[in-house]
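The values are calculated or read from the model by the stated rules, or taken from the named source; none is laboratory data. For clarity, every value in this text was computed on a predicted model and none was experimentally measured. Counting neighbours? That spans all protein chains shown, and the Cβs are built from the backbone with ideal geometry, glycine included. Surface accessibility is based on the protein's heavy atoms, side chains included, excluding ligands, DNA and RNA. Shrake-Rupley method; radii C 1.70, N 1.55, O 1.52, S 1.80 Å.
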Amino acid sequence: MKSLLCNWFDDWGRTIHDGLGSTWITILIVVFAAISLYLLQDILKASINKTKFKIKWFEIFLLIIFVLFTIWFCTIL
């Protein structure tokens, strides 16, 4: 038995797929992946160039969100 949250995500995913279509979902996957790679590159560059390691929590949080959206849109497709 699936939980209500899983059913809600499945229904929401089907609604997004029906509304946008496969082409727009592919475009969103590419956009979210590019933003994720840019954030990852920015985090890595900031951590490599400094001798003192400073964690940018907001960028890491955004990176996680964009990676999860990329994975979710891949499963919708």
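What to note about this one:
- Unmet criterion (only one of (1) open to solvent by 80 Å² or more (accessible area, probe 1.4 Å); (2) under 17 Å from Trp72 (Cβ atoms); (3) modelled with pLDDT under 90) for Val30: (3)
- Scanning the stretch 46-63 for residues that are modelled with pLDDT under 80 and either out of contact with any helix residue (DSSP H, G or I) (no Cβ under 9 Å at 6 or more places or on another chain) or not small (Gly, Ala, Ser) (or both) turns up Ser47, Ile48, Asn49, Lys50, Thr51, Lys52, Phe53, Lys54, Ile55, Lys56.
- Criterion applied to Ser36, Ser3 was being of a type in the set (Gly, Ala, Ser) and either modelled with pLDDT under 90 or open to solvent by 60 Å² or more (accessible area, probe 1.4 Å) (or both), and the one residue passing it is Ser3.
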